[in-house]
Amino acid sequence: MASLLQTLKKDWSLSASVAGFLAVLIAYAGPLVIFFQAAQAAQVSDAMMASWIWGISIGAVIPGIYLSIKYKTPVVAGWSAPGTALLVTLFPQMSINEAVAAYIVSAVVIFLVGITGSFDRFLRLIPNGIAAGMMAGILFQFGLDLFVATDTMPVIVFSMLACYLFAKRYTPRYTMIWVLACGIVLSVWFGKMNPVDINLTLTIPKLILPEWTWRSVFNLAIPLILVSLSGQFLPGMAILRLSGYEVPAKPIVSAFGIASLAVACTGGITLTLGAITAALCTGKDAHENKEKRYIAGIANSLFYLLGGLFAGSIVAVFSLLPTELIAALAGLALIGAISANISIAMKDDRQRDSALITFLATASGMQFLGLSSVFWGVIIGISAHYILTKKQLLPSFLLIKSG
């Protein structure tokens, strides 16, 4: 234990801590908004809503810290925005007790997928170009939102962009620290911070007993499993692999399955590996040395711990910041990840067309048969790749030989 603490002390950095903080900030500012809508649809009390946030926050802590330390990899937790959005459509016809039962079913299935190694085998079928095209497609909208934010806050957003460029030029390791400080100072200066009453009080989770019904299994559990595996674990593992981390999916998927099961009865929706937020912690902005970026995963978990303990209060703190500031922060923080994934996607001539198709399908936001554009981007991209590169798909007499 003493040697571990010494290692952590030596490897700890302000830039990695800020990366972990930004990942939590963006997670709370994005999918959490949908969570509030679900709570309103379910007509639950503020105390119950705080319990939900406690569940997803505390559930992220142990797997994030344990996996980050064990594999020296920035493992960042998240939860599915599409899965959360599904709750909005199901409440109040579906009870909270039925939803908890669906969370339990989802957690058990995801654990089984992880522990059997099924996800590892699926991941090996995806070429690097396709994975990079998928990640670029996911992150692309965040890059666009940076400039869309100039419609309502041009001075602040353009100032943040200028700060980003100069900081990237002269102090690249602390780029996002300067950008965050710039955004907050200007938002205060121009009176753009949202008025919020903040009272720091510890959150006490509520126990919710599950109610098993086939309706909850088919309407919530199965869709939640599909969007978690295809929309979160798949791109999350892809970005770890593309960032040079060869950690197997088996322990990660299994750990989040167990964590999801542990917090399900507090109302915490199924936990997954972060995808967009992971991109914030795996790039050079977190640390120049790839071996020390795991600190961002630990810091992320510690900020989640604070978020869980003070669920109601911390959410209020996050809601101080204007949405345009959050959008600008996310867009600027992800520029490096977008650039890196586009470069990988376009690098191999043999995969270029299929990678571009993957990128376009993923970025389109298409919804077909209830599955997300991330899932279809991968399926269409892999199909295009094998059609374009595998000659044995056609009978030999149909192949045109050159010369």
Open item on the list: When a/c reaches 1.5 or more, the comparison of a/b and b/c decides; with that in mind, is segment 90-225 rounded, prolate or oblate per its Cα gyration tensor?
Closed with: oblate
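At 1.4 Å probe size, with the rest of the protein present, what percent of the exposed accessible area of segment 259-322 is carbon and sulfur atoms? Could the numbers behind the result be given before it?
Numbers: 1240 of 1690 Å².
On segment 259-322, the fraction of accessible area on carbon and sulfur atoms equals 73 percent.
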Task: Cα-projected label distance for Phe218 with Ser383, points at 7 Å along beta-carbon direction, nm - done: 2.6
Open item on the list: Taking only complete DSSP H runs, can you tell me which helices of the chain stretch 27 Å or more along their own long axis by Cα positions and average at least 0.0 on the Kyte-Doolittle scale?
Closed with: 46-71, 96-115, 128-148
Task: Whole-angstrom gap from segment 228-307 to segment 338-361, using each part's C-alpha centre - done: 24
Task: Surface accessible to a 1.4 Å probe, Lys192 within the full protein complex, Å² - done: 90
Open item on the list: Going by average Cβ density within 10 Å per residue, which order do the peptides 273-282, 201-210 take, highest to lowest?
Closed with: 273-282, 201-210
Open item on the list: Give the aspartates and glutamates whose C-alpha is closer than 13 Å to that of Lys292, dropping any in the same chain fewer than 8 places away, or say none.
Closed with: Asp11
Open item on the list: Taking the Kirkwood radius as the inverse of the mean 1/r across Cα pairs, report the Rg/Rh of the chain.
Closed with: 0.98
- [ ] Let me know the shape class of segment 207-319, please: from the alpha-carbon gyration tensor, a ≥ b ≥ c as square roots of the eigenvalues, rounded when a/c is under 1.5, otherwise prolate if a/b is greater than b/c, or oblate.
- [x] oblate
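Peptides 130-137, 109-116: what's the order by average Cβ count within 10 Å, highest mean first? Provide the component values of the computation, followed by the final result.
Working: 130-137: 28.8, 109-116: 18.9.
Per-residue Cβ counts within 10 Å, averaged per peptide and sorted highest first, yield 130-137, 109-116.
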Task: Cβ-isolated cysteines (cut-off 4.7 Å), the chain - done: Cys265, Cys281
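Tell me the mean residue ellipticity at 222 nm calculated for the chain from its helices only (DSSP H runs of n ≥ 4, each -39500 (n - 2.57), averaged over every residue, nearest 500).
Values: 20 runs with 267 residues, N = 403.
Result for the chain: -21000 deg cm²/dmol, rounded to the nearest 500.
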Open item on the list: List the aspartates and glutamates whose Cα sits under 14 Å from the Cα of Lys250, skipping any in the same chain fewer than 8 residues away.
Closed with: Asp120
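Using 0.36 nm times the number of residues separating Glu246 and Val148, minus their current alpha carbon distance, what extension gain do you get? Please list the in-between numbers first.
On the way: separation 98, 0.36 × 98 = 35.28 nm, distance 3.57 nm.
Contour length minus Cα-Cα distance gives 31.7 nm.
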Open item on the list: At 1.4 Å probe radius, can you tell me the per residue accessible area of the chain in Å²?
Closed with: 45
- [ ] Provide the packing ranking of 46-55, 10-19, i.e. peptides ordered by the mean count of other C-beta atoms within 10 Å per residue, highest first.
- [x] 46-55, 10-19
- [ ] Run the numbers on the chain and let me know its relative contact order in percent, using alpha-carbon pairs under 8 Å that are six or more apart.
- [x] 35
Task: Tensor-based shape of segment 58-154 (alpha-carbon gyration tensor, a/c under 1.5 rounded, otherwise prolate or oblate) - done: oblate
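The values are calculated or read from the model by the stated rules, or taken from the named source; none is laboratory data. The shown structure was predicted, so the numbers you read here are calculated from the model rather than taken from an experiment. Note that each Cβ is placed from the backbone with ideal geometry, even for glycine, and that neighbours are counted across all protein chains shown. Accessible surface is based on the protein model in full, side chains and every heavy atom, while ligands, DNA and RNA are left aside. Shrake-Rupley method; radii C 1.70, N 1.55, O 1.52, S 1.80 Å.
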